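Below is one structure, written out as structure tokens; comments come after it.
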Amino acid sequence: MRPDSKRGMARDIALQLPFMLWLVVLWMLLWHQFTVLALITGLLVAIFVTRVFRLPTVELVGRVNVWYVLVFVVQFLGAVVAGAVSVTIQVFDFRRLPGSAIIEVPLRYADDIVMTHVAVTSSLIPGSLVAESDRDRRILYLHVIGVHDRAQMDAFRQGVLGWERRIVRAVGTPEQYRALKADEARGAVGSHGGRGDGGAR
């Protein structure tokens, strides 16, 4: 094998490694198991997916703000708990059926990576699930339970946009972060996402 080919393969593996690790984490979250067996099977699935269903390599920008990552993790865990409580209350509220809707959320700053992060975050919070995504127009369509009127739909939409802003602050590209800061300076966006941050309402 030529040296250039070896370097290209090593570079491809290095770029794919973070995505493989993320797939392993998603696999363990999916099965709610953090065991050695779940780790091994998740690794096998990640290797199978990245080798058989190969996609064009996406280069990471290398920008990670540790503080905003920690803020995101804390707020995400809080949203998961709040969403679980909200869904439980709706299940046992026999006075009325929980409303549901498909809500269109046009993202403002997302590229492929940020859009994926927003979709995964929204789907992991109980009460909402990504039903479809429009990559070209950067739009997510989410199935949401617990909404009964347009005001609640708008609140949920703002909540998803709030997650997009948090992700951009944590791992977005410098261009995305500058665009977000410019919008905040103009007052075009709020610093918090609103009621939709917890998933279902």
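Coordinate-derived values only; no laboratory data. Since the model is a prediction, treat every value here as computed from it, not as a measurement. Note that each Cβ is placed from the backbone with ideal geometry, even for glycine, and that neighbours are counted across all protein chains shown.
A simple rule links phi to the HN-Hα coupling: the Karplus curve 6.51 cos²θ - 1.76 cosθ + 1.60 with θ = phi - 60°, which for segment 42-52 gives x, 5, 5, 5, 5, 5, 4, 5, 6, 8, 7 Hz, with x for Gly and Pro.
By the beta-carbon count within 10 Å of each Cβ, the least crowded to most crowded order of ARG95, ARG137, ARG166, fewest first, is ARG95, ARG137, ARG166.
Per-residue Karplus couplings for segment 115-129, computed as 6.51 cos²θ - 1.76 cosθ + 1.60 with θ equal to phi - 60°, are listed in order as 4, 5, 4, 5, 5, 5, 4, 5, 6, 7, 7, x, x, 9, 8 Hz, Gly and Pro entered as x.
Maximal additional length on extending the ASP134-VAL66 stretch stands at 21.5 nm, based on 0.36 nm per residue less the C-alpha distance.
Taking label positions 7 Å along the Cα-Cβ direction at both THR41 and ALA188, the computed distance is 4.6 nm, reported to one decimal.
Pull out a ≥ b ≥ c, the square roots of the eigenvalues of the alpha-carbon gyration tensor of segment 66-198, then state rounded if a/c is under 1.5, prolate if not and a/b is larger than b/c, and oblate in the remaining case. In terms of gyration-tensor shape, prolate. Count Lys and Arg as plus one, Asp and Glu as minus one, and take only other residues whose Cβ is under 14 Å from that of VAL130; the net charge is then -1. Rounded to the nearest 20, the Cβ-based charge dipole of segment 66-198 about its Cα centre (Lys and Arg +1, Asp and Glu -1) stands at 280 debye.
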